[in-house]
Amino acid sequence: MVKINENYLKLKAGYLFPEIARRVNAFIAENPDAPIIKLGIGDVTEPLPAACREAMTVAVKDMGDRQTFKGYGPEQGYGWLREKIAAHDFQSRGCDIEASEIFVSDGAKCDTGNILDIFGKDNTIAVTDPVYPVYVDTNVMAGHTGDADDDGKYGGLTYIPITADNDFVAQIPTEKVDLIYLCFPNNPTGAIATKDQLKAWVDYANANGSIIFFDAAYEAFITDDNLPHSIYEIEGAKTCAIEFRSFSKNAGFTGTRCALTVVPKALKVTTSNGEEVQLWTLWNRRQSTKFNGVSYIVQRGAEAVYSEAGQAQIKELIDFYLENAAIICKELKAVGFDVYGGVNAPYVWVKTPDGLTSWDFFDKLLINCNVVGTPGSGFGAAGEGYFRISAFNSRDNVHEAMKRITTAFK
Ligand code: MLT
């Protein structure tokens, strides 16, 4: 008899964003003329930077000429892209990361799930609560958890609350955990981590032999010079952290797909028989076996992010979304909402009014304002009573959505 991976049966309902889409589509089916504005999933709306499009156009031409045509590329990504990433994103910030420690991929979401391939089943795992659901669901799928309780918390995971009560600061666990997921600037709360806070995590991880999975997909939104963009800005991080980054949110590649994962060669773990193993070797082996690399055309587009024109264009995009976030914060605060995040981050985290649950508020916004956001409870039990509003949309839509919400809730 065929056996399935029954861990999938432990997963709660649908993945959050398809579940929201399902509810919105049901509403649209009944209200086909409703002028819906989506501030839910953090999907970019503005066109790809011209520098990236031009580079991709040239790359398409390369593919049409036998002399410049490319077949399979290196599974780890082309050297010319990895060199630019290393120099620009890491070395320029004083992080001693080499091109060979960078693995180009098709998404930070994919990599944060796939990384579990190289880890065993018996690790203790900590996530923040609320949290980007991919970290939890991929551990459930891999059989690393027990069942979910009524709050949606899975047995076997350590949940670290980040709420207004602790100023959205992830407290270091008192017990020892093996794998720790951190995401800063934070999805969903928009909270940031200071160098001192990350240093405390790095020291904890090195002292306990833990590995930090550091998701820096939103680092480009940091405008405060004192905040770290990479965990490798913290001394000691190369022996305890893997970092995930993406071209999705800075350069609008959500549909184009390009990201990167950094696995420092200094990152080692000891096997059950006492042998020291480099995680880089395992990840390299995993990628070479299960992945054939990102397309040449897309990697050329990503490379153009690092050109002078590309840098200016992505700055414009980021400033644009940050201005949207500032408008959302200002408008909602003006009518009395408690609002967090939205500075150094593209997400605004809002306390639901009148004690409404996250999903009740979702329904009210959808029905009364035709605005879609993301219920905080979809990110974890501690997200109940909160709501995430994404700044990724056109300026007109942001103004219109705020007009509708502030009129409905003033
Ligand atoms: C989100 O809305 O949380 C993100 O768009 C999800 C993602 O990047 O996969």
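The values are calculated or read from the model by the stated rules, or taken from the named source; none is laboratory data. All of these numbers come straight from a predicted model, not from anything done at the bench. Counting neighbours? That spans all protein chains shown, and the Cβs are built from the backbone with ideal geometry, glycine included. Protein only, heavy atoms only, side chains kept; ligands, DNA and RNA dropped before computing areas. Shrake-Rupley method; radii C 1.70, N 1.55, O 1.52, S 1.80 Å.
Details
- Selection status of Gly94, crowded, with 22+ Cβ neighbours inside 10 Å, at positive phi and not polar (S, T, N, Q): no
- Which numbered condition Gln313 misses (of (1) in the same structural domain as Ala59 (by TED's automatic domain parsing); (2) touching a residue at least 60 places away in the same chain (Cβ under 8 Å); (3) away from the ligand (no atom under 16 Å from the Cβ)): (1)
- Under the condition of being farther than 20 Å from Val294 by Cα, under 24 Å from the mean Cα position of the chain (by Cα) and away from the ligand (no atom under 16 Å from the Cβ), the residues counted in the stretch 41-68 number 1.
- Test: Gly342 is closer than 25 Å to Lys12 by Cβ and of a type outside the set (S, T, N, Q): no
- Listed by first and then second residue, the pairs linking a residue in the stretch 104-115 that is under 17 Å from Pro74 (Cβ atoms) to a residue that is in a helix (DSSP H, G or I) and within 12 Å of the ligand (Cβ to nearest atom), with Cβ atoms under 9 Å apart and 6 or more places separating them unless they lie on different chains, are Ser105/Asp111.
- Entry remark, the stretch 338-350: residues being open to solvent by less than 20 Å² (accessible area, probe 1.4 Å) and in a loop (DSSP other than H, G, I, E, B) number 4 in total.
- Yes/no for Gly42 being modelled with pLDDT under 95 and in contact with a Lys or Arg (Cβ under 8 Å, 6 or more places away or on another chain): yes
- Considering the stretch 107-122, the residues that are more than 16 Å from the ligand (Cβ to nearest atom) and assigned to a helix (DSSP H, G or I) include one that is most open to solvent (accessible area, probe 1.4 Å), namely Asp117.
- Residue match in the stretch 393-406 (condition: at pLDDT below 95 and outside any helix (DSSP H, G or I)): no
- Which numbered condition Thr261 fails, given (1) open to solvent by 20 Å² or more (accessible area, probe 1.4 Å); (2) of a type in the set (Ser, Thr, Tyr); (3) within 16 Å of the ligand (Cβ to nearest atom): (1)
- Test for Gly383: is it outside the structural domain of Asp167 (by TED's automatic domain parsing), in contact with a strand residue (DSSP E or B) (Cβ under 8 Å, 6 or more places away or on another chain), open to solvent by less than 50 Å² (accessible area, probe 1.4 Å) and farther than 20 Å from Ile28 by Cα: yes
- The number of residues in the stretch 351-392 being in a strand (DSSP E or B) and within 16 Å of the ligand (Cβ to nearest atom) comes to 9.
- Condition met for Val136 (out of contact with any helix residue (DSSP H, G or I) (no Cβ under 7 Å at 6 or more places or on another chain), aliphatic (A, V, I, L, M) and within 16 Å of the ligand (Cβ to nearest atom)): yes
- Of the residues making up the stretch 230-258, those that are assigned to a loop (DSSP other than H, G, I, E, B), surrounded by 21 or more Cβ atoms within 10 Å (Cβ to Cβ) and of a type outside the set (Val, Ile, Thr) number 6.
- For Lys265, the conditions (1) under 26 Å from Leu157 (Cβ atoms); (2) touching a Phe, Trp or Tyr at 6+ places or on another chain (Cβ under 6 Å); (3) not in a strand (DSSP E or B) all hold with the exception of (1).
- For the stretch 185-210, filtered to residues that are small (Gly, Ala, Ser), away from the ligand (no atom under 16 Å from the Cβ) and open to solvent by less than 50 Å² (accessible area, probe 1.4 Å), the residue that is nearest to the chain's Cα centre (by Cα) is Ala193.
- Residue match in the stretch 64-73 (condition: touching a helix residue (DSSP H, G or I) at 6+ places or on another chain (Cβ under 6 Å) and without any contact (Cβ under 8 Å) to a residue 24 or more places away in the chain): yes
- Only one of the numbered conditions (1) outside the structural domain of Asn393 (by TED's automatic domain parsing); (2) among the charged types (D, E, K, R); (3) under 26 Å from Ala34 (Cα atoms) is not met by Glu303, and that is (3).
- Answer residue from the stretch 13-30, given it is more than 16 Å from the ligand (Cβ to nearest atom) and free of Cβ contacts under 8 Å to residues at least 24 places away in the same chain and is most open to solvent (accessible area, probe 1.4 Å) among those: Glu30
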